[in-house]
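In what follows, a single structure is set out as structure tokens and then discussed.
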Amino acid sequence: LEKEGYKVIHVDNGNRAIELIQEKRDQIDLILMDIDLGPGIDGTQTAKEILKEHDIPIVFLSARVEKEVVQKTEKITSYGYVVKNSGIIVIDASIKMAFKLYEANKKTERQRERLSTILHSIGDAVMATDTNGNIVQMNPVAESLTGWKFSEANGMPLHEVFQIVNASTREKIISPVELVLASGKIVGLANDTALVSKNGHEYKISDSGSPIKDSDGTITGVVLVFKDITKEYEIQ
């Protein structure tokens, strides 16, 4: 590895590995972790302990090829599993691949954080569902109007949280999500729509539902944007 240009720090047991990460975290970009470390904790447990406090790619390096061993490491981290004696070319390629995957994961995480910040900054209420109509995202305004915290509503059918009725007739209104999924088009609500919150409070709302599509144009969910127009409604 050093001949390939890497700087290598080596320790021979799990406890020392954990101590080393604490001491020299800023010097370590990746860990090659053996599974059988002799006396003391094994490589999988060592990896778990390190990942509790440090976000660092770990590639397992082992002579073990049993299916259950490989699957156990996949549940801990998925940056790679190299069988010993595969040769420097395979190890080098695995390390470079792990770095690329790590950077891709960090980029996705940054994008997710940016989208979350934007979502929480929007003045209107925003809710998103999957193709089954189950809630996958809500912003604070939506939490306030529906009376549901996202932690409670996550995964629930939208119609159980977003309960809307005709303000005059009191008849339930079909969820716009169902209409969007059926038509694949943007759908708006009628003007006389009221949202009944979890605590029974009612808000006159205006809203629209739009399909969420992937790069292939396949609908992967629906985003619902609505706002409280109770005061405007009363003025009218």
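The values are calculated or read from the model by the stated rules, or taken from the named source; none is laboratory data. Just so it is clear, the model here is predicted, and its values are computed rather than measured. So basically every Cβ, Gly included, is an ideal-geometry build from the backbone, and we count neighbours across all protein chains shown. With ligands, DNA and RNA removed, areas are computed over all heavy atoms of the protein, side chains included. Shrake-Rupley method; radii C 1.70, N 1.55, O 1.52, S 1.80 Å.
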Can Glu74 be described as of a type in the set (D, E, K, R), within 30 Å of Ser210 (Cα to Cα) and without any contact (Cβ under 8 Å) to a residue 24 or more places away in the chain? no
Does segment 86-96 include one or more residues that are loosely packed, with under 12 Cβ neighbours inside 10 Å, touching a residue at least 60 places away in the same chain (Cβ under 8 Å) and in a helix (DSSP H, G or I)? yes
Using the structure shown, decide if Ile235 is at negative phi and buried (at least 16 other Cβ atoms within 10 Å of the Cβ). no
Looking at (1) of a type in the set (A, V, I, L, M, F, W, C); (2) modelled with pLDDT under 90; (3) over 25 Å from the mean Cα position of the chain (by Cα); (4) open to solvent by less than 50 Å² (accessible area, probe 1.4 Å), which is the only condition Val70 fails? (3)
Being open to solvent by less than 60 Å² (accessible area, probe 1.4 Å) and farther than 27 Å from Ala182 by Cβ is the filter here; which residues of segment 98-142 pass it? Ala98, Tyr102, Ala104, Lys106, Ser116, Pro140
Give, as residue ranges, the helices (runs of 4 or more DSSP H) completely inside segment 1-75 that count at least 1 residues that are among the aliphatic types (A, V, I, L, M) and closer than 23 Å to Ile89 by Cα. 67-74
Just checking: which of the strands (runs of 3 or more DSSP E) contained wholly in segment 110-172 hold 3 or more residues that are under 26 Å from Lys213 (Cβ atoms)? 125-130, 135-138
Do we have any residue at all in segment 5-22 that's loosely packed, with under 15 Cβ neighbours inside 10 Å and hydroxyl-bearing (Ser, Thr, Tyr)? yes
Would you mention how many residues in segment 178-205 are within 16 Å of Glu143 (Cα to Cα), open to solvent by less than 80 Å² (accessible area, probe 1.4 Å) and not aliphatic (A, V, I, L, M)? 5
Looking at (1) closer than 18 Å to Asn132 by Cα; (2) open to solvent by less than 30 Å² (accessible area, probe 1.4 Å); (3) free of Cβ contacts under 8 Å to residues at least 40 places away in the same chain, which one does Val222 not meet, given that it meets all the others? (3)
Taking the condition touching a helix residue (DSSP H, G or I) at 6+ places or on another chain (Cβ under 9 Å), touching a residue at least 40 places away in the same chain (Cβ under 8 Å), closer than 13 Å to Thr131 by Cα and open to solvent by less than 40 Å² (accessible area, probe 1.4 Å), does Leu158 pass? yes
Can you name the condition, by its number, that Ala125 falls short on among (1) of a type outside the set (Phe, Trp, Tyr); (2) out of contact with any strand residue (DSSP E or B) (no Cβ under 9 Å at 6 or more places or on another chain); (3) in contact (Cβ under 8 Å) with a residue 60 or more places away in the chain? (2)
